[in-house]
Amino acid sequence: MKRKALIIGLSVFVAAWWLLSASLYTVDETQQALLVRLGAPMGVVTAPGLKMKMPLVDNVIYYETRLLPLEPSIEQVILGDQKRLEVQTYTRFRIADPLRFYQTVRTVQQARAQLTQLVSSSLRRELGRVPLRALLSEQRTQIVENIQNEVAEKAQSLGIAVAEVRLHRADLPYETSQAVYDRMKSERQREAKELRAQGSEWAQEIQAKADRDRTVILSEAERQSKITHGDADAEANQVLAEAFGKDPQFYRLYRSLQTYRQALAGAGPTLVLSPDAEFLRDLKTGPSSGGQR
């Protein structure tokens, strides 16, 4: 009897414990709970703490109150000027109305899928109206703001509040980027050729001016040299004339010695001359005596 009573008591305790645990649930500070009774939503619990529910009848679905990220894959968008652009966005959203959220999309995965379509359609619609240069200017902020406002307005029907939509990256496709790079390279090469041609023209002008100045300087120097040389010859002749006038015999002897030096300096050991040659007179007789010296 005691054993049977112990078993019954233990069974009652387990049943009571299970009933109590099935009747209680907790809501964290970062969560909000939707109470569903037999498939019908009963209400939203946003205050954190320990709560009660009907066991076996009520079900609790938890949703985050914090911002949730959404980063879809890269997609190609055709701009208003028919150029292609690879764009990747990132979105931050939160579940603002759990009841409507449960009635429309139910799960966060479905919400992400719906929100990705909304962002993609708004992105394509807005970027399809503007050229590429608009994304590289101050208009980019307004374009992104328009996309965010449109997505936020449409997401309200899903019980979602969109905090922000931004362009994570916006690049030209590889083929387009390569074409732009090739065009820029060709343009820079053309400019380089023009600058080299202009530099070569300037170099030729400078070289021609330098050659002209060189010719003028050399001509002037040669003219001045000839004038100086003529003045020196005139002065030398005058000195020689004055010297000849003072002592003609000494001048004749000096000129004879210069002639001997020039004639005999490069001669061989033998020199054949006539004995009565005028050239040998000073060698045979020496300078004549008498007269001025």
Check: Taking the mean number of other Cβ atoms within 10 Å as a proxy for protection, how do you rank 208-215, 102-109, 113-120 from highest to lowest?
Finding: 113-120, 102-109, 208-215
Next item on the list: Can you spot the lysines whose alpha carbon is less than 26 Å from K83's alpha carbon? Ignore those fewer than 8 places along the same chain.
Entry: K185
Margin query: I need the per residue convex hull volume for the stretch 103-199, using only the alpha carbons, in cubic angstrom as a whole number.
Written below: 121
Checklist line | Q189 paired with E242, simple spin-label distance in nm, labels 7 Å along Cα-to-beta-carbon | finding: 7.9
Next item on the list: Measure off 7 Å from each Cα along the Cα-to-Cβ vector at T104 and E86, then give the distance between these two points in nanometres to one decimal.
Entry: 3.3
Next item on the list: Any aspartates and glutamates with Cα under 16 Å of the K51 Cα? List them, leaving off those in the same chain fewer than 8 positions away.
Entry: D28, E29
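Taken together, the values in this text are just the output of simple stated rules run on the coordinates, not laboratory data. Since the model is a prediction, treat every value here as computed from it, not as a measurement. Please note: Cβ atoms are built from the backbone with ideal geometry, for glycine as well, and neighbour counts cover all protein chains shown.
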